[in-house]
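What follows is one structure encoded as structure tokens, with my remarks underneath.
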Amino acid sequence: MKHLNNPVVIAFGCSVALVLIGSIFFPQFLSINYLLKQLHMASFLGVVATGAMIIILMGHIDLSVPWTLTVAAIVSCAIAGGELGDTWRFLAVPAGLLAGALIGLCNGLGVAYLRIHSMIWTLGMNVIVLGLSVLYTGGFQPPGVPSRLMHFFGVGKFLNIPVSLYLWLFVGLAMVFILRRTTLGRYVYAIGNSEKVTYLSGIKTNYVLILAFVISGICSSTAGMMVAGYANLAYQGMGDAYLLPGIAAVVIGGTNILGGSGSYLGTVAGAILITLISSMLSVMQMPEAGRQ
């Protein structure tokens, strides 16, 4: 009975139930192609949720995800499209990751040293980055196209399995390693339980906060380049659909919204569940208002 109260088991159980119930009305729900397609879509959300999780474990929240994701895609697509010249096209993906890391760094510095609540600071950063994006694009379609590597991450396949799933697996394993096998991971959980006690224990909590926000920014930028590769372009507001679902995936999977406890497997389960719910409502042709 104890396992039945486990959020991870509940989330995975609900996912299986959704597929089985949906297959009664739409038999294709049980096909391998359909399930792989859903996992493909869940991988984008899963990478976003990975970054959201390390922030939530500390009792904080990152609301700059939408435009961190969008700006990373815009920057990488612009460079891949030759905005800096053909010589620099190979920097498209590193530049996108750097953009996410810089936004994460700004978030971490604001929260750690200015002591402004993460909800307020990251929301402000989101608006600032939005403004910079509109200034650059003039409010029109961003220039450039995804690089071949971004396209490969977005829609490529290896052994008939979407490459985005391998990337999600890599990001997930890296996060599990950080949380379970490094001092940074132990400090993240400690801060989530009590930042004051952790600080008084001699741990430099500000450095932990900054590094965690940088990791979150890199995860968001990675997802942005994946989505751009999938859509074959970067577009304004492409990250808006990932903010609340990313947070929800973490919390549904059992991570305490106040910090201090949670497992990555639960985040995976939450991302899959939310993706399946969204897919089923779409197949049922429910109006957008009803889906929201």
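The values are calculated or read from the model by the stated rules, or taken from the named source; none is laboratory data. Because the structure is predicted, anything quoted here is derived from the model rather than measured. Side chains included, ligands, DNA and RNA excluded: accessible areas come from the protein's heavy atoms. Shrake-Rupley method; radii C 1.70, N 1.55, O 1.52, S 1.80 Å.
Give me the Debye-computed log₁₀ of I(q)/I(0) at q = 0.13, 0.22 Å⁻¹ for the stretch 30-78, equal point scatterers on Cα only, no solvent, two decimals.
Reported log10 I(q)/I(0), two decimals: -0.46, -0.85.
Working with all protein chains in place, sort LEU130, LEU184, LEU98 by solvent-accessible area computed with a 1.4 Å probe, largest first. Write down the numbers at each step before the final one.
Details: LEU130 60, LEU184 30, LEU98 100 Å².
Descending accessible area places them as LEU98, LEU130, LEU184.
Could you pull the accessible area for VAL134 with a 1.4 Å probe, rounded to 10 Å²?
60 Å²
With no solvent and one equal point scatterer placed on each C-alpha of the stretch 84-142, evaluate the Debye formula and give log10 I(q)/I(0) for q = 0.15, 0.16, 0.27 Å⁻¹, two decimals.
The Debye formula, applied to the Cα set alone, gives -0.59, -0.65, -1.08.
Based on the Kirkwood radius over alpha-carbon pairs, what value in µm²/s does the Stokes-Einstein equation return for the translational diffusion coefficient of the stretch 126-255 at 37 °C and 0.692 mPa s?
Working: Rh = 17.2 Å.
The diffusion coefficient I find is 191 µm²/s.
Contact order normalised by length for the chain, with contacts defined as Cα pairs under 8 Å and 6 or more residues apart; what percent is it? Before the final figure, lay out the partial values.
Values: 515 pairs, mean separation 103.3, N = 292.
Value for the chain: 35 percent.
Per-residue HN-Hα couplings for the stretch 121-126, Karplus 6.51 cos²θ - 1.76 cosθ + 1.60 at θ = phi - 60°, whole Hz, x for Gly and Pro?
5, 5, 5, x, 4, 4
Taking the chain as a Gaussian network, where each spring joins two C-alpha atoms under 10 Å apart, which residue of LEU105, LEU244, LEU159 fluctuates the most?
LEU159
Add -39500 (n - 2.57) for each DSSP H run of 4 or more in the chain, then divide by its residues: what number comes out at 222 nm, to the nearest 500 deg cm²/dmol? Display every interim value, and only then the final one.
Details: 13 runs with 207 residues, N = 292.
Taking each H run of at least 4 residues, the total per residue is -23500 deg cm²/dmol.
Scan around LYS157 for amide H atoms under 5 Å from its own, H built in the peptide plane at 1.01 Å from N, and keep only partners 5 or more places away or cross-chain.
For LYS157, whose amide H was placed from the backbone, the distant partners under 5 Å are VAL163.
Tabulate in residue order the Karplus-calculated ³J(HN,Hα) for the stretch 72-79, using 6.51 cos²θ - 1.76 cosθ + 1.60 with θ = phi - 60°, rounded to whole Hz; enter x for Gly and Pro.
4, 5, 5, 4, 5, 5, 4, 5
For the stretch 87-104, just list the computed ³J(HN,Hα) in residue order, Karplus coefficients 6.51, -1.76 and 1.60, θ = phi - 60°, integers in Hz, with x standing in for Gly and Pro.
Working through the residues one at a time gives 5, 9, 4, 5, 8, 4, 5, x, 5, x, 5, 5, 4, x, 5, 5, 5, x Hz.
Whole number in Å², please: accessible area per residue of the stretch 38-95, 1.4 Å probe, ligands, DNA and RNA not counted.
Values: 1520 Å² over 58 residues.
About 26 Å² of surface per residue is accessible.
In the chain, carbon and sulfur make up what percent of the accessible area (probe 1.4 Å)? Before the final figure, lay out the partial values.
Values: 10050 of 14170 Å².
Heavy-atom surface of the chain belonging to carbon and sulfur, 1.4 Å probe: 71 percent.
Starting from the Cα gyration tensor of the stretch 200-251, take the square roots of the eigenvalues, sort them a ≥ b ≥ c, and report rounded, prolate or oblate (rounded when a/c is under 1.5, otherwise prolate if a/b is larger than b/c, else oblate).
Working: a/c = 3.88, a/b = 2.25, b/c = 1.73.
Prolate, because a/c is 1.5 or more and a/b exceeds b/c.
Over 27 Å, how big is the tail of the calculated P(r) for the chain, in percent of all Cα pairs?
Numbers: 17549 of 42486 pairs.
Tail fraction, whole percent: 41.
Counting only protein chains, not ligands or nucleic acids, how are PHE158, PHE140, PHE26 ordered by accessible area (probe 1.4 Å), most first? List each step's numbers first, then the result.
Working: PHE158 115, PHE140 145, PHE26 65 Å².
The ranking, largest first, comes out as PHE140, PHE158, PHE26.
Kindly give the semi-axes, whole Å and largest first, of the ellipsoid equivalent to the stretch 1-50, taking each as the square root of 5 times a Cα gyration tensor eigenvalue.
Working: eigenvalues 93, 68, 8 Å².
Result for the stretch 1-50: semi-axes of 22, 18, 6 Å.
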